[in-house]
Amino acid sequence: MPDVAPFRAVRYASPSESQTAPPYDVISPEERRRYLAADPYNVVRLTLADSEEEAGRLYRSWLEQGVLVEEEQPAAWAVRQDYVGPDGVARRREGILASLRAEPYETRAVLPHERTHAGPRESRLRLLRAAGAQLEPIFLLYDGEPPLAPPAGEPDLRAAGTSLWRVDGVSLPSAFAERQLLIADGHHRYETAVAYAAERGTPASARMMAVLVSTSDPGLEIFPTHRVFSGRPDIDPPGEEQPRVEDALAVLNAEPYDRAVAVAYRHGSARLVRGGPGELDVELVDRFGHEGIAYTPDAGEALRRVDAGEADTAFLLRATRIEDVFERARRGEVLPQKTTYFFPKLTSGLLFHPV
């Protein structure tokens with residue numbers, strides 16, 4: 001039984017788009033420098049500070065100075081993101097931003113679908129201890145119709161293509177009481193929140209900020225993440241040779257989803273590689289291990305790296321279907337890293353969640 005409820009958010013007293021950024025784990029060092037230069041109060045100074053202790057001191061200082069203020073009443077927030085996807089199509093994705101109780105996966109209230117790594121969990125735990133606040137929301141999916149939608153009128157907050165409307169959210173606890181939630185993005189932060197709750201042992205310490213999106217939302221889209229292997233000339237799987245990579249991609253996209261298939265591109269030639277029945281495309285490629293692997297959502301970049309001699313083999317994949325991810329998660333299975341690529345990422349810096 002997921003515990004979803006309104007909360008008293010902390011926000012910037014004078015919100016500005018220059019204070020926002022994408023989530024910490026998709027920001028390159030060069031982008032970090034750009035965000036730091038953009039605004040003395042950019043959220044990256046908290047989410048990607050030189051040290052977790054510095055981030056904690058800065059967060060408390062901003063509260064004391066009035067840069068950040070706490071909402072007077074608990075609320076939930078209707079979220080709308082207008083975006084153009086990697087495929088060039090304009091879409092609108094809507095969700096609900098609220099407080100979620102982080103609890104162990106064994107309760108089956110919240111389901112994972114990807115493996116995590118110790119390093120990011122330890123770093124985020126140090127940050128959570130230092131700041132005493134959840135600084136970024138995680139992204140969750142649920143089946144069924146949304147219990148609320150953005151109201152008419154101008155949003156209360158708007159930045160970077162994201163709009164937020166304050167709503168009372170009193171219906172949320174009952175609306176989500178019987179729904180399982182799937183982590184779309186934020187596995188490391190969720191597991192960090194579970195560890196922090198166990199460490200502190202208070203009701204407040206178990207809360208975190210989450211954006212919940214229905215799997216039926218027309219703007220929800222998963223895009224593929226392609227695999228590129230360098231220093232791995234041993235990867236040369238048999239398959240059906242295709243005249244051109246464009247032909248291989250056309251055949252790939254016409255294939256049914258009842259078995260895995262991928263395009264393997266080597267030395268300017270493309271072939272269709274097939275997996276077993278019931279296997280996902282990402283699982284087919286996962287057979288080759290992770291040594292020398294890199295990931296990109298850009299198929300053209302994957303091909304370019306092979307053509308330039310920077311990589312040996314590129315695997316071009318189809319997007320993993322949401323229903324397949326949910327089914328595996330309900331069976332207690334975890335999928336390879338970068339199985340899903342949800343675009344756009346959530347915007348950080350609009351709200352914070354004290355714990």
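The values are calculated or read from the model by the stated rules, or taken from the named source; none is laboratory data. Every value quoted in this text rests on a predicted model; they were computed, and no experiment measured them. With ideal geometry, Cβ positions are generated from the backbone for all residues, glycine too; neighbour counts draw on all protein chains shown. Surface accessibility is based on the protein's heavy atoms, side chains included, excluding ligands, DNA and RNA. Shrake-Rupley method; radii C 1.70, N 1.55, O 1.52, S 1.80 Å.
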**Asked** Using the scaling law 2.2 N^0.38 Å as the reference, what is the normalised Cα Rg of region 48-108?
**Response** 1.70
**Prompt:** Can you pull out the trypsin sites (Lys or Arg not before Pro) in region 291-352 that DSSP calls coil and that have at most 11 other Cβ atoms within 10 Å?
**Reply:** ARG331
**Asked** Under the rule of -39500 (n - 2.57) per DSSP H run of 4 or more residues, summed and divided by the residues of the chain, what mean residue ellipticity at 222 nm is obtained, to the nearest 500 deg cm²/dmol?
**Response** -7500 deg cm²/dmol
**Fill in**
The distance between the Cα centres of region 116-171 and region 6-56, in whole Å, is 15
**Prompt:** Which value, in Å², gives the accessible area per residue of the chain when a 1.4 Å probe is used on the protein heavy atoms?
**Reply:** 43
**Request:** Please sort by residue number the GluC sites (Glu not before Pro) in region 170-245 whose DSSP state is loop and whose Cβ has at most 10 other Cβ atoms within 10 Å.
**Result:** GLU178
**Message:** Which order do you get for TYR190, TYR257, TYR105 if you rank them by accessible area with a 1.4 Å probe, largest at the top?
**Reply:** TYR257, TYR105, TYR190
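Based on the Kirkwood radius over alpha-carbon pairs, what value in µm²/s does the Stokes-Einstein equation return for the translational diffusion coefficient of region 113-221 at 37 °C and 0.692 mPa s?
It diffuses with D of about 208 µm²/s by this estimate.
What's the carbon and sulfur percent of region 58-112's accessible surface, probe 1.4 angstrom, rounded to a whole number?
Carbon and sulfur atoms account for 50 percent of the accessible area of region 58-112.
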**Fill in**
What the 10 Å binned alpha carbon P(r) of region 189-229 shows, as percent of pairs per bin from 0, is 22, 26, 26, 23, 2
**Message:** Can you compute the radius of gyration and Dmax for region 39-188, using only the Cα atoms, both in Å?
**Reply:** 17.1, 44
**Request:** Taking every Cα atom in region 259-301, find the radius of gyration and the maximum pairwise distance Dmax, and write them in Å.
**Result:** 11.2, 30
**Request:** Report in % the part of the accessible area of region 196-355 that belongs to carbon and sulfur, leaving out ligands and nucleic acids; probe 1.4 Å.
**Result:** 51
**Prompt:** Please state the Cα pair-distance histogram of the chain with 20 angstrom bins from zero: what percent is in each bin?
**Reply:** 28, 55, 16, 0
**Kirkwood Rh (inverse of mean 1/r, distinct Cα pairs), region 237-342, angstrom** = 14.3
**Request:** With a ≥ b ≥ c taken as the square roots of the eigenvalues of the C-alpha gyration tensor of region 72-151, please select rounded if a/c is under 1.5 and otherwise prolate if a/b is larger than b/c or oblate if it is not?
**Result:** prolate
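To the nearest 20 debye, what charge dipole does the chain have about its Cα centre, counting +1 at the Cβ of each Lys and Arg and -1 at the Cβ of each Asp and Glu?
So the magnitude is around 560 debye.
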**Prompt:** Over the Cα atoms of region 4-66, how large are the radius of gyration and the largest Cα-Cα distance (Dmax), in Å?
**Reply:** 12.4, 37
**Message:** Over all directions, how big on average is the projection of the convex hull of the alpha-carbon atoms in region 211-288, in square nanometres?
**Reply:** 7.1
